[in-house]
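Undergrad: Just passing along the structure, written as structure tokens.
The values are calculated or read from the model by the stated rules, or taken from the named source; none is laboratory data. A quick note: this is a predicted structure, and the numbers were derived from the prediction, not measured. Because the Cβ atoms are built from the backbone with ideal geometry, glycine has one as well, and the counts that use them run over all protein chains shown. We work out accessible area using only protein heavy atoms, side chains counted, and drop any ligands, DNA or RNA first. Shrake-Rupley method; radii C 1.70, N 1.55, O 1.52, S 1.80 Å.
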Amino acid sequence: MEDDAPAVTLDKVRKVFGDHVVLDDVSLRIATGEAIVVAGISGSGKSTMLRCINGLETIDGGEVTVDGRQVGRSERALAVLRRDIGMVFQQFNLFPHMTVERNVMLAPLKVRGMDERDARTRAHQLLERVGIPEKAKDYPADLSGGQQQRVAIARALAMQPKVMLFDEPTSALDPEMIREVLDVMRDLATSGMTMVVVTHEMGFAREVCDRIVFLDEGRIVEEAPPEEFFSAAKSARAREFVDKIIHH
């Protein structure tokens with residue numbers, strides 16, 4: 001695996017909103033099959049970094065490459081790229097007027113041109129995988145938040161992405177629903193999906209991810225395997241962050 005090109009590369013990425021530098025010279029390589037957790041306090045640039053990877057934000061400097069292709073500026077290049085990147089947000093963004101099954105089928109039908117029967121079969125396999133096959137004919141409003149987020153994950157997986165991005169996928173959920181979503185994500189990580197996860201769930205980070213990347217004021221100040229990060233963070237900012245988590 002070491003010789004393979006990285007799944008995602010950020011090279012000196014810079015992002016500015018007005019006078020505010022949100023990402024400052026960020027360089028990172030993510031290997032195929034690696035699960036990374038991006039940590040840091042609110043406003044450190046974590047979500048912006050994810051949005052730059054899938055082209056939701058344009059960058060002001062540097063370069064982002066996914067699966068060997070530069071994240072281009074043109075809409076057409078972005079459309080092609082986004083087929084290979086699954087994104088799960090804080091809010092579930094499901095279509096309320098469509099059943100769960102149709103929500104999962106929609107992108108493969110429209111974007112990949114899959115036929116109806118194959119798309120339905122795939123949707124059912126994915127709903128099985130996220131643990132809610134019995135909800136196929138229900139509407140999003142009939143589901144709990146945790147179930148809706150699991151549908152959102154199934155919907156992202158329906159495009160057979162090469163990389164999955166998760167932007168605080170559990171932060172809008174009630175505590176008792178967080179576990180069911182993290183379990184699905186854990187299963188994905190162990191099956192070898194390349195994942196970049198912005199989350200405050202440090203138990204998940206410790207158990208599941210290969211590496212923690214710690215952002216502070218738009219810069220990567222530390223990256224290390226979870227054990228090392230939690231027990232022996234090198235930078236003062238990361239140590240302060242770990243202390244807060246552990247003593248809460």
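Undergrad: Provide the FRET efficiency to the nearest 0.05 for the Glu128-Ile246 pair, computing r from the beta carbons and using R0 = 45 Å.
TA: Result of the calculation: an efficiency of 0.75.
Undergrad: Here's another thing I want to ask about it. Whole number in Å², please: accessible area per residue of the stretch 35-160, 1.4 Å probe, ligands, DNA and RNA not counted.
TA: Per-residue accessible area for the stretch 35-160 comes out at 46 Å².
Undergrad: Shifting gears a bit: What shape does the stretch 24-177 have by the C-alpha gyration tensor, where a ≥ b ≥ c are the square roots of the eigenvalues, rounded means a/c under 1.5, and otherwise prolate means a/b greater than b/c and oblate the rest?
TA: Note, shape of the stretch 24-177 comes out oblate.
Undergrad: Further, regarding this structure: Do you know the relative contact order of the chain, to the nearest whole percent, from alpha carbon pairs under 8 angstrom that are 6+ apart?
TA: 25 percent
Undergrad: Does the stretch 78-148 come out rounded, prolate or oblate by the C-alpha gyration tensor, with a ≥ b ≥ c the root eigenvalues, rounded set by a/c under 1.5 and, if not, prolate when a/b is larger than b/c and oblate if not?
TA: Since a/c reaches 1.5 but b/c is at least a/b, the shape of the stretch 78-148 is classed as oblate.
Undergrad: ³J(HN,Hα) across the stretch 154-167 via Karplus (A = 6.51, B = -1.76, C = 1.60, θ = phi - 60°), whole Hz, x for Gly/Pro?
TA: Each residue of the stretch 154-167 in turn: 4, 4, 5, 5, 4, 8, 6, x, 8, 9, 10, 10, 10, 9 Hz.
Undergrad: Mean separation of Cα pairs under 8 Å and 6+ residues apart, divided by the residue count of the stretch 147-248: what relative contact order is that in percent?
TA: Result for the stretch 147-248 is 20 percent.
Undergrad: Calculate for the chain the 222 nm mean residue ellipticity that helices alone would give, adding -39,500 (n - 2.57) per DSSP H run of length 4 or more and normalising by residue count, nearest 500 deg cm²/dmol.
TA: -11500 deg cm²/dmol
Undergrad: Same structure again: Mind ordering 21-29, 116-124 by average Cβ neighbours within 10 Å, highest first?
TA: 21-29, 116-124
Undergrad: So, with +1 on the Cβ of K and R and -1 on the Cβ of D and E, and no other charges, what is the size of the charge dipole of the chain about its Cα centre, to the nearest 20 debye?
TA: Using only the charged Cβ atoms, the result is roughly 760 debye.
Undergrad: Using alpha carbons only, how many angstrom separate the centre of the stretch 1-80 from the centre of the stretch 175-197?
TA: Taking the Cα centre of the stretch 175-197 as reference, the centre of the stretch 1-80 is 21 Å away.
Undergrad: Same structure, new question: Among 31-42, 181-192, how do they line up by average Cβ neighbours within 10 Å per residue, starting with the highest?
TA: 31-42, 181-192
Undergrad: Remind me, relative contact order of the stretch 23-120 in percent, using alpha carbon pairs under 8 angstrom and six or more residues apart?
TA: It rounds to 14 percent for the stretch 23-120.
Undergrad: Take the solvent-accessible surface of the protein heavy atoms, probe 1.4 Å, and return the percent of it on the chain that carbon and sulfur atoms account for.
TA: 48 percent
Undergrad: Skipping prolines and chain starts, which residues have an amide H placed within reach, meaning under 5 Å, of the one on Val88, given they are 5 or more residues away or on another chain?
TA: Leu165, Phe166, Asp167
Undergrad: Could you run the Karplus curve 6.51 cos²θ - 1.76 cosθ + 1.60 with θ = phi - 60° over the stretch 108-123 and give me ³J(HN,Hα) per residue in whole Hz, x for Gly and Pro?
TA: x, 5, 7, 8, 8, x, 5, 7, 3, 5, 5, 5, 5, 4, 4, 4
Undergrad: Need one word for the stretch 1-100: rounded, prolate or oblate. Basis is the Cα gyration tensor (sqrt eigenvalues a ≥ b ≥ c); a/c below 1.5 gives rounded, then a/b vs b/c decides.
TA: It comes out rounded by the Cα gyration axes.
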